[in-house]
1. Please go through (1) assigned to a helix (DSSP H, G or I); (2) within 18 Å of R140 (Cβ to Cβ) for Y287 and return the number of the only condition it doesn't satisfy.
2. I'd like to check something: does segment 121-130 contain any residue that is of a type outside the set (G, A, S), buried (at least 19 other Cβ atoms within 10 Å of the Cβ), under 17 Å from the mean Cα position of the chain (by Cα) and more than 16 Å from ligand 2 (Cβ to nearest atom)?
3. May I ask you to list pairs of residues, at least six apart or on different chains, whose Cβ atoms are under 6 Å apart, with the first in segment 291-308 being β-branched (V, I, T) and the second being buried (at least 18 other Cβ atoms within 10 Å of the Cβ)?
4. Report yes if some residue within segment 253-274 is modelled with pLDDT of 95 or more, buried (at least 20 other Cβ atoms within 10 Å of the Cβ) and within 17 Å of F318 (Cα to Cα); otherwise report no.
5. Taking segment 290-317 as the region of interest, how many residues are touching a Ser or Thr at 6+ places or on another chain (Cβ under 8 Å), over 16 Å from H266 (Cα atoms) and in a helix (DSSP H, G or I)?
6. Quick one: would you say A195 is over 19 Å from A19 (Cβ atoms), more than 16 Å from ligand 1 (Cβ to nearest atom) and in contact with a Phe, Trp or Tyr (Cβ under 7 Å, 6 or more places away or on another chain)?
Amino acid sequence: MATTPNNGLNAFIAALPKAELHLHIEGTLEPELMFALAGRNGIRLPYSSVEEVRAAYRFANLQDFLDLYYAGAAVLLETQDFYDLTWAYMQRAFAQNVRHAEIFFDPQTHTARGVAFSAVIDGISRALADAEARLGLSSRLIMCFLRHLDEAQALATLELALPYRDRIAGVGLDSSERNNPPGKFREAFRRARAAGFAAVAHAGEEGPAAYVREALEALQVVRIDHGNNALDDADLVTELAQRRIPLTVCPLSNVRLCVVPDLSAHPLQRMLDLGLMVTVNSDDPAYFGGYLNENYLAVADALTLDRATLAQLARNSFQASLLDADTKATLLAEVDSVALSAAS
Ligand code: ADE
Ligand code: ZN
(Lines give C-alpha, C1' and ligand atoms only; values in the text may rest on other atoms or scores of the structure.)
(Ligands and ions follow the chains in the order given, each with its own letter.)
Protein backbone atom coordinates (compact mmCIF):
# COMPACT_ATOMS: atom_id res chain seq x y z
CA MET A 1 0.00 0.00 0.00
CA ALA A 2 1.25 3.50 -0.81
CA THR A 3 2.29 5.48 2.22
CA THR A 4 2.27 9.21 2.78
CA PRO A 5 5.01 10.93 4.86
CA ASN A 6 3.14 10.40 8.14
CA ASN A 7 2.28 6.83 7.21
CA GLY A 8 -1.31 7.55 6.25
CA LEU A 9 -2.21 8.96 9.65
CA ASN A 10 -3.77 11.99 8.01
CA ALA A 11 -6.10 9.84 5.92
CA PHE A 12 -6.89 7.59 8.89
CA ILE A 13 -7.87 10.55 11.07
CA ALA A 14 -9.94 12.02 8.23
CA ALA A 15 -11.74 8.68 7.78
CA LEU A 16 -12.60 8.29 11.46
CA PRO A 17 -16.14 9.35 12.35
CA LYS A 18 -15.78 11.76 15.27
CA ALA A 19 -17.77 13.90 17.69
CA GLU A 20 -16.66 17.37 18.72
CA LEU A 21 -17.65 18.13 22.32
CA HIS A 22 -15.74 21.31 23.15
CA LEU A 23 -16.29 24.00 20.56
CA HIS A 24 -17.21 27.64 21.17
CA ILE A 25 -19.19 28.85 18.18
CA GLU A 26 -17.81 32.37 18.68
CA GLY A 27 -14.35 30.79 18.48
CA THR A 28 -15.02 29.65 14.91
CA LEU A 29 -15.18 33.24 13.63
CA GLU A 30 -12.52 33.28 10.90
CA PRO A 31 -10.99 36.71 10.13
CA GLU A 32 -12.53 36.65 6.62
CA LEU A 33 -16.05 36.33 8.06
CA MET A 34 -15.18 38.88 10.78
CA PHE A 35 -14.42 41.43 8.03
CA ALA A 36 -17.49 40.49 5.99
CA LEU A 37 -19.81 40.90 9.00
CA ALA A 38 -18.10 44.14 10.08
CA GLY A 39 -18.74 45.50 6.58
CA ARG A 40 -22.35 44.31 6.56
CA ASN A 41 -23.03 45.83 9.99
CA GLY A 42 -21.05 49.06 9.59
CA ILE A 43 -18.60 48.18 12.37
CA ARG A 44 -15.00 49.46 12.30
CA LEU A 45 -12.41 46.86 13.22
CA PRO A 46 -9.09 47.89 14.74
CA TYR A 47 -7.31 45.96 11.94
CA SER A 48 -6.74 46.82 8.29
CA SER A 49 -6.51 43.28 6.91
CA VAL A 50 -7.16 39.59 7.55
CA GLU A 51 -3.39 39.11 7.84
CA GLU A 52 -3.21 41.77 10.54
CA VAL A 53 -5.96 40.01 12.51
CA ARG A 54 -4.13 36.67 12.29
CA ALA A 55 -0.85 38.33 13.31
CA ALA A 56 -2.57 39.55 16.49
CA TYR A 57 -3.31 35.95 17.56
CA ARG A 58 -0.35 35.61 19.94
CA PHE A 59 -1.52 34.90 23.44
CA ALA A 60 0.44 34.65 26.69
CA ASN A 61 -2.54 33.23 28.60
CA LEU A 62 -6.31 32.68 28.56
CA GLN A 63 -7.17 36.31 29.36
CA ASP A 64 -5.08 37.61 26.44
CA PHE A 65 -7.12 35.42 24.12
CA LEU A 66 -10.47 36.25 25.71
CA ASP A 67 -9.88 39.98 25.21
CA LEU A 68 -9.57 39.42 21.43
CA TYR A 69 -12.32 36.82 21.29
CA TYR A 70 -14.89 39.13 22.91
CA ALA A 71 -13.76 42.04 20.70
CA GLY A 72 -14.14 39.86 17.57
CA ALA A 73 -17.64 38.74 18.61
CA ALA A 74 -18.78 42.38 18.42
CA VAL A 75 -19.37 41.97 14.65
CA LEU A 76 -22.24 39.53 15.40
CA LEU A 77 -25.47 41.51 15.54
CA GLU A 78 -28.26 39.99 13.46
CA THR A 79 -29.89 36.55 13.35
CA GLN A 80 -28.30 36.05 9.92
CA ASP A 81 -24.81 36.71 11.36
CA PHE A 82 -25.24 33.90 13.88
CA TYR A 83 -26.60 31.69 11.12
CA ASP A 84 -23.63 32.38 8.83
CA LEU A 85 -21.12 31.77 11.64
CA THR A 86 -22.70 28.46 12.61
CA TRP A 87 -23.28 27.25 9.07
CA ALA A 88 -19.62 27.93 8.20
CA TYR A 89 -18.50 25.81 11.15
CA MET A 90 -20.90 22.97 10.35
CA GLN A 91 -19.64 22.79 6.77
CA ARG A 92 -16.05 22.60 7.97
CA ALA A 93 -16.95 19.98 10.55
CA PHE A 94 -18.77 17.92 7.92
CA ALA A 95 -15.71 18.08 5.65
CA GLN A 96 -13.64 16.60 8.52
CA ASN A 97 -16.06 13.71 9.09
CA VAL A 98 -17.39 15.15 12.34
CA ARG A 99 -20.69 13.33 12.75
CA HIS A 100 -21.94 15.05 15.89
CA ALA A 101 -21.09 18.43 17.46
CA GLU A 102 -21.92 19.74 20.93
CA ILE A 103 -21.57 23.46 20.63
CA PHE A 104 -21.06 26.15 23.26
CA PHE A 105 -22.47 29.62 22.87
CA ASP A 106 -21.97 32.65 25.12
CA PRO A 107 -25.26 34.61 25.12
CA GLN A 108 -24.02 37.17 27.66
CA THR A 109 -21.31 38.31 25.21
CA HIS A 110 -24.13 39.34 22.89
CA THR A 111 -26.97 40.43 25.17
CA ALA A 112 -24.52 42.81 26.92
CA ARG A 113 -24.23 44.62 23.54
CA GLY A 114 -27.99 44.89 23.11
CA VAL A 115 -28.39 41.85 20.86
CA ALA A 116 -31.61 39.98 21.62
CA PHE A 117 -31.26 36.45 23.03
CA SER A 118 -33.75 35.37 20.34
CA ALA A 119 -31.43 36.61 17.53
CA VAL A 120 -28.56 34.53 18.92
CA ILE A 121 -30.52 31.33 19.45
CA ASP A 122 -32.59 31.61 16.26
CA GLY A 123 -29.54 32.11 14.03
CA ILE A 124 -27.52 29.31 15.62
CA SER A 125 -30.34 26.81 15.89
CA ARG A 126 -31.54 27.34 12.30
CA ALA A 127 -28.05 26.59 11.01
CA LEU A 128 -27.90 23.48 13.20
CA ALA A 129 -31.26 22.31 11.87
CA ASP A 130 -30.04 22.85 8.29
CA ALA A 131 -26.85 20.91 9.03
CA GLU A 132 -28.88 17.99 10.34
CA ALA A 133 -31.25 18.05 7.32
CA ARG A 134 -28.71 18.72 4.57
CA LEU A 135 -25.49 17.16 5.91
CA GLY A 136 -26.77 14.54 8.36
CA LEU A 137 -24.62 16.22 11.01
CA SER A 138 -26.30 16.10 14.43
CA SER A 139 -25.70 18.56 17.23
CA ARG A 140 -26.60 19.78 20.69
CA LEU A 141 -26.35 23.33 22.03
CA ILE A 142 -24.75 24.14 25.38
CA MET A 143 -25.28 27.61 26.82
CA CYS A 144 -22.28 28.87 28.78
CA PHE A 145 -22.36 31.31 31.67
CA LEU A 146 -19.47 33.77 31.71
CA ARG A 147 -17.71 33.12 35.00
CA HIS A 148 -16.10 36.58 35.27
CA LEU A 149 -19.64 37.96 35.71
CA ASP A 150 -21.71 37.36 38.83
CA GLU A 151 -24.23 34.63 39.54
CA ALA A 152 -27.21 37.03 39.36
CA GLN A 153 -26.37 37.60 35.68
CA ALA A 154 -26.10 33.85 35.09
CA LEU A 155 -29.53 33.40 36.69
CA ALA A 156 -31.01 36.15 34.50
CA THR A 157 -29.52 34.44 31.42
CA LEU A 158 -31.01 31.12 32.50
CA GLU A 159 -34.43 32.81 32.68
CA LEU A 160 -33.98 34.07 29.10
CA ALA A 161 -33.13 30.53 27.98
CA LEU A 162 -36.11 28.77 29.55
CA PRO A 163 -38.52 29.49 26.66
CA TYR A 164 -35.93 27.82 24.37
CA ARG A 165 -35.49 24.77 26.60
CA ASP A 166 -36.22 22.44 23.64
CA ARG A 167 -33.27 23.87 21.66
CA ILE A 168 -30.64 23.92 24.43
CA ALA A 169 -29.38 20.63 25.84
CA GLY A 170 -27.03 21.84 28.51
CA VAL A 171 -25.35 24.62 30.42
CA GLY A 172 -21.61 25.22 30.75
CA LEU A 173 -19.19 27.60 32.43
CA ASP A 174 -16.44 29.44 30.56
CA SER A 175 -14.31 32.63 30.41
CA SER A 176 -11.63 33.66 32.95
CA GLU A 177 -11.06 30.71 35.27
CA ARG A 178 -8.57 32.18 37.77
CA ASN A 179 -10.33 33.51 40.89
CA ASN A 180 -13.74 32.48 39.52
CA PRO A 181 -14.35 29.08 41.14
CA PRO A 182 -17.24 26.88 40.01
CA GLY A 183 -18.95 27.26 43.41
CA LYS A 184 -19.78 30.86 42.49
CA PHE A 185 -22.47 29.40 40.19
CA ARG A 186 -23.91 26.71 42.46
CA GLU A 187 -27.48 28.07 42.43
CA ALA A 188 -27.53 28.80 38.67
CA PHE A 189 -26.45 25.23 37.96
CA ARG A 190 -28.89 23.80 40.51
CA ARG A 191 -31.75 25.58 38.78
CA ALA A 192 -30.49 24.63 35.33
CA ARG A 193 -30.27 20.95 36.28
CA ALA A 194 -33.73 21.12 37.83
CA ALA A 195 -35.01 22.49 34.49
CA GLY A 196 -33.50 19.45 32.73
CA PHE A 197 -30.25 20.88 31.34
CA ALA A 198 -27.13 18.71 31.39
CA ALA A 199 -24.29 20.42 33.27
CA VAL A 200 -20.67 20.74 32.11
CA ALA A 201 -17.96 23.24 33.12
CA HIS A 202 -14.50 24.41 32.12
CA ALA A 203 -12.19 23.50 34.98
CA GLY A 204 -8.48 22.86 35.42
CA GLU A 205 -7.44 24.77 32.30
CA GLU A 206 -5.63 27.53 34.21
CA GLY A 207 -7.35 26.90 37.54
CA PRO A 208 -6.25 24.30 40.12
CA ALA A 209 -7.34 20.68 40.57
CA ALA A 210 -9.58 21.94 43.38
CA TYR A 211 -11.76 23.69 40.78
CA VAL A 212 -12.27 20.38 38.98
CA ARG A 213 -13.42 18.79 42.23
CA GLU A 214 -15.65 21.80 42.91
CA ALA A 215 -17.23 21.50 39.44
CA LEU A 216 -18.09 17.87 40.25
CA GLU A 217 -19.41 18.56 43.74
CA ALA A 218 -20.98 22.03 43.63
CA LEU A 219 -22.21 21.97 40.02
CA GLN A 220 -22.75 18.20 39.56
CA VAL A 221 -21.27 18.29 36.06
CA VAL A 222 -21.34 15.26 33.77
CA ARG A 223 -18.17 16.34 31.90
CA ILE A 224 -15.14 18.48 32.59
CA ASP A 225 -13.96 20.83 29.84
CA HIS A 226 -10.13 20.69 29.71
CA GLY A 227 -9.32 19.21 33.13
CA ASN A 228 -5.54 19.26 32.62
CA ASN A 229 -4.72 20.32 36.17
CA ALA A 230 -6.75 17.45 37.64
CA LEU A 231 -3.54 15.46 37.21
CA ASP A 232 -2.08 17.31 40.21
CA ASP A 233 -4.46 15.43 42.54
CA ALA A 234 -4.12 11.63 42.52
CA ASP A 235 -7.36 11.03 44.46
CA LEU A 236 -9.28 13.22 42.03
CA VAL A 237 -7.81 11.32 39.07
CA THR A 238 -8.97 8.05 40.64
CA GLU A 239 -12.47 9.45 41.08
CA LEU A 240 -12.63 10.82 37.52
CA ALA A 241 -11.45 7.46 36.15
CA GLN A 242 -13.80 5.36 38.31
CA ARG A 243 -16.82 7.52 37.46
CA ARG A 244 -15.74 7.71 33.82
CA ILE A 245 -16.20 11.48 33.81
CA PRO A 246 -15.14 12.62 30.33
CA LEU A 247 -12.48 15.31 29.88
CA THR A 248 -12.85 17.39 26.73
CA VAL A 249 -9.18 18.06 26.02
CA CYS A 250 -8.07 20.70 23.48
CA PRO A 251 -4.43 20.18 22.44
CA LEU A 252 -3.84 23.13 20.07
CA SER A 253 -5.69 25.46 22.45
CA ASN A 254 -3.47 24.34 25.31
CA VAL A 255 -0.36 25.24 23.32
CA ARG A 256 -1.68 28.60 22.07
CA LEU A 257 -2.80 29.64 25.57
CA CYS A 258 0.47 28.45 27.15
CA VAL A 259 -1.27 25.83 29.31
CA VAL A 260 1.50 23.48 28.09
CA PRO A 261 4.91 24.65 26.78
CA ASP A 262 4.58 22.56 23.60
CA LEU A 263 2.65 19.56 22.31
CA SER A 264 5.35 17.04 23.22
CA ALA A 265 4.67 18.02 26.86
CA HIS A 266 0.91 17.57 26.46
CA PRO A 267 -0.59 15.30 29.17
CA LEU A 268 -3.05 13.48 26.85
CA GLN A 269 -1.13 10.19 26.80
CA ARG A 270 -0.65 10.38 30.56
CA MET A 271 -4.37 10.95 30.98
CA LEU A 272 -5.10 7.84 28.90
CA ASP A 273 -2.55 5.80 30.86
CA LEU A 274 -4.31 6.85 34.08
CA GLY A 275 -7.56 5.41 32.74
CA LEU A 276 -9.26 8.75 32.14
CA MET A 277 -12.06 9.14 29.59
CA VAL A 278 -10.28 11.59 27.25
CA THR A 279 -11.66 13.22 24.12
CA VAL A 280 -9.92 15.53 21.59
CA ASN A 281 -11.53 18.83 20.61
CA SER A 282 -10.73 22.15 18.96
CA ASP A 283 -12.09 24.78 21.45
CA ASP A 284 -11.73 27.97 19.35
CA PRO A 285 -10.34 26.74 16.02
CA ALA A 286 -10.32 30.10 14.21
CA TYR A 287 -7.95 31.43 16.89
CA PHE A 288 -5.81 28.38 17.62
CA GLY A 289 -4.69 27.22 14.19
CA GLY A 290 -6.75 24.11 13.56
CA TYR A 291 -10.10 22.36 13.51
CA LEU A 292 -10.74 18.87 14.84
CA ASN A 293 -8.59 16.79 12.48
CA GLU A 294 -5.65 19.16 12.94
CA ASN A 295 -5.94 18.62 16.69
CA TYR A 296 -5.94 14.82 16.30
CA LEU A 297 -3.02 14.97 13.88
CA ALA A 298 -0.93 17.41 15.94
CA VAL A 299 -1.25 15.35 19.09
CA ALA A 300 -0.74 12.07 17.22
CA ASP A 301 2.51 13.39 15.72
CA ALA A 302 3.80 14.97 18.94
CA LEU A 303 3.01 11.97 21.17
CA THR A 304 3.38 9.24 18.48
CA LEU A 305 -0.12 7.95 19.08
CA ASP A 306 -0.94 4.78 17.15
CA ARG A 307 -4.12 4.10 15.19
CA ALA A 308 -5.68 2.05 17.96
CA THR A 309 -5.33 5.02 20.32
CA LEU A 310 -6.77 7.42 17.75
CA ALA A 311 -9.74 5.11 17.20
CA GLN A 312 -10.22 4.93 20.98
CA LEU A 313 -10.27 8.74 21.15
CA ALA A 314 -12.95 8.79 18.44
CA ARG A 315 -14.95 6.13 20.33
CA ASN A 316 -14.61 8.17 23.52
CA SER A 317 -16.01 11.22 21.73
CA PHE A 318 -19.30 9.40 21.04
CA GLN A 319 -19.39 7.68 24.44
CA ALA A 320 -18.92 11.03 26.17
CA SER A 321 -21.59 12.77 24.09
CA LEU A 322 -25.16 13.57 25.07
CA LEU A 323 -26.45 11.27 22.28
CA ASP A 324 -28.88 8.46 23.11
CA ALA A 325 -27.60 4.90 23.52
CA ASP A 326 -28.84 3.63 20.13
CA THR A 327 -27.24 6.46 18.17
CA LYS A 328 -24.02 6.00 20.13
CA ALA A 329 -23.99 2.30 19.28
CA THR A 330 -24.45 3.03 15.55
CA LEU A 331 -21.62 5.57 15.48
CA LEU A 332 -19.32 3.38 17.60
CA ALA A 333 -19.82 0.56 15.10
CA GLU A 334 -18.77 2.93 12.31
CA VAL A 335 -15.56 3.79 14.19
CA ASP A 336 -14.88 0.06 14.64
CA SER A 337 -15.35 -0.59 10.96
CA VAL A 338 -12.87 2.16 9.95
CA ALA A 339 -10.37 0.94 12.58
CA LEU A 340 -10.75 -2.66 11.40
CA SER A 341 -10.36 -1.93 7.70
CA ALA A 342 -7.22 0.12 8.44
CA ALA A 343 -5.77 -2.77 10.44
CA SER A 344 -6.31 -5.34 7.69
N1 ADE B 1 -14.13 30.76 26.00
C2 ADE B 1 -13.75 30.41 24.77
N3 ADE B 1 -12.69 29.58 24.84
C4 ADE B 1 -12.41 29.40 26.15
C5 ADE B 1 -11.45 28.65 26.87
N6 ADE B 1 -10.54 27.90 26.26
N7 ADE B 1 -11.47 28.71 28.21
C8 ADE B 1 -12.37 29.46 28.85
N9 ADE B 1 -13.29 30.18 28.22
C10 ADE B 1 -13.32 30.15 26.88
ZN1 ZN C 1 -13.35 26.14 25.88
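The values are calculated or read from the model by the stated rules, or taken from the named source; none is laboratory data. Because the structure is predicted, anything quoted here is derived from the model rather than measured. In this analysis, Cβ positions are derived from the backbone assuming ideal geometry, glycine residues included, and neighbour counts consider all displayed protein chains.
1. All conditions pass for Y287, except number (2).
2. yes
3. Every condition considered, the pairs that remain are V299/P251; V299/L268.
4. no
5. Qualifying residue count, segment 290-317: 3.
6. Criteria not met by A195.
Table: residues versus (1) within 16 Å of ligand 1 (Cβ to nearest atom); (2) more than 25 Å from A300 (Cβ to Cβ); (3) among the β-branched types (V, I, T).
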| site | (1), (2), (3) |
| --- | --- |
| L216 | no, yes, no |
| V222 | no, yes, yes |
| H226 | yes, no, no |
| T248 | yes, no, yes |
| A265 | no, no, no |
| L276 | no, no, no |
| N281 | yes, no, no |
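Residue-wise test of (1) touching a Leu at 6+ places or on another chain (Cβ under 9 Å); (2) within 27 Å of R165 (Cα to Cα).
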{"residue": "R54", "(1), (2)": "no, no"}
{"residue": "F59", "(1), (2)": "yes, no"}
{"residue": "L77", "(1), (2)": "yes, yes"}
{"residue": "H100", "(1), (2)": "yes, yes"}
{"residue": "F105", "(1), (2)": "yes, yes"}
